[in-house]
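Read the figures in this text as sums done on the coordinates, not as results from a lab. All values reported here derive from a predicted model rather than from experimental measurement. Note that we place each Cβ from the backbone using ideal geometry, even for glycine, and neighbour counts take in every protein chain shown.
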Amino acid sequence: MDRFESMSVLLAVVEAGSFSGAGRRLRQPVPTVSRKVAELEARLKARLLTRSTRRIALTEAGQSYVTACRRILEDVLEAERAAAGEYRAPRGELVLTAPIVFGRLHVLPVLAAFLAAYPEVTVRMELADRPLDLIDEHLDLAVRIGEPPERRLIAIPVGEVRSVVCGSPAHFAQHGVPAHPDELARHPCIAFAGLSGAHSWVFSVDGAAHPVRIHPRLIVNTAEAALDAAVAGVGLTRVLSYQAAEAVKAGGLRPVLQRFEPQPLPVSLLYRGAPPLALKLRAFLDFAAPRLRERLAADPP
């Protein structure tokens, strides 16, 4: 039994969530996949998976073994890449993650230019508004908004974004322009639940956190919906500066209460710093960092 192959089959089953899904991914019959996992369990004398008609789950022993398998297979892959000369020229697949709207507005244009400059590199980008674990998700890089939580990762700062309150010209014509956060009590609001609480926004007044209760006429779970509703005059909304940039440029929205905004959120490129650093990753970091800084610096409001 090939030990590395067995590890790869087990990981495919765990990642696919089923033997049939792993079989499709590996292009192997389901009985073959099941047999290889059973042989691995027999050799280890430990049950790695619990099976039911609907799903599979890792046992405690299986969880620790799968973690070790990922690390071992990644080390083998890095060694193969080095032997194949990847560390002499950027090539291979680069896997990264970014927030959905930020990825579409800022990362994707940079990626397009990067792919044109490095024809032997391919990229897979996972857009998600929840932070993905670089190790568990087999990612090379993450574009992260907010303070980097993982000390084991290296962060390259590329800029910052702000929490902005904005409304349409029609809204301000009807309700006036608030000069202080406390005046939001008389303004209809649109709450974007993904950014802050649905009934309270926190500002900075005289250097201290100043929560203000709002009265949302509409609560949504995406920034795009909040912005569309604000442009339509439903009320004021609060989103991140890059999310509002296009509407502000077009004149559909106007930011207010800027001097009461909380501290900006940093934007960073996160990666694992364990050597050797693949040349494709180093090339992307060197290529993307200055371009993202330039794009963020040009973002209104």
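Worth a mention:
- Convex hull per residue volume in Å³, alpha carbons only, for the range 1-136: 139
- Estimated 222 nm signal from helices in the chain, with DSSP H stretches of n ≥ 4 weighted -39500 (n - 2.57), rounded to 500: -12000 deg cm²/dmol
- Scaled against the 2.2 N^0.38 Å expected of a compact globular protein of N residues, the Cα radius of gyration of the range 3-83 reads 1.08.
- Bridging of LYS45 to lysines at a Cα separation below 23 Å is possible for LYS36, once same-chain residues fewer than 8 apart are set aside.
- Label-to-label distance, nm, for residues given as LEU277 and ALA297 (7 Å Cα→Cβ offset): 2.1
- Stokes-Einstein D (µm²/s) once Rh is taken as the Kirkwood radius of the chain over alpha-carbon pairs, at 20 °C in 1.002 mPa s: 96
- Nearest-0.05 FRET efficiency for THR59 and LEU265, computed from C-beta distance (R0 30 Å): 0.15
- Charge dipole of the chain (Cα centre as origin; +1 on each Lys and Arg Cβ, -1 on each Asp and Glu Cβ, all else neutral): 640 debye, rounded to the nearest 20.
- Remark: relative contact order (the chain) = 21 percent; criterion is Cα-Cα distance under 8 angstrom and separation of 6 or more residues.
- Between LEU279, LEU265, LEU73, the Gaussian network model of the chain with springs among Cα atoms under 10 angstrom shows the greatest mean-square fluctuation at LEU73.
- Among VAL30, VAL267, VAL202: highest mean-square fluctuation, GNM of the chain, C-alpha pairs under 10 Å: VAL30
- Extension gain for the segment ALA232 to ASP75, taken as residue separation times 0.36 nm less the Cα-Cα distance, is 51.2 nm to one decimal.
- Dipole orientation for the chain: of the candidates SER8, PHE287, PHE260, SER8 has the Cα lying most toward the positive pole (charges on Cβ; Lys, Arg +1; Asp, Glu -1).
- A straight line joining the Cα centroids of the range 38-71 and the range 95-123 runs 35 Å.
- Candidates SER163, SER52, SER204: whichever shows maximal mean-square fluctuation once the chain is modelled as a Gaussian network with Cα springs under 10 Å: SER52
- Estimated from the Cβ-Cβ distance and a Förster radius of 51 angstrom, the FRET efficiency linking GLU160 and ARG47 is about 0.55.
- In terms of Cα atoms, the Rg and Dmax of the range 154-292 work out to 17.9, 60 Å.
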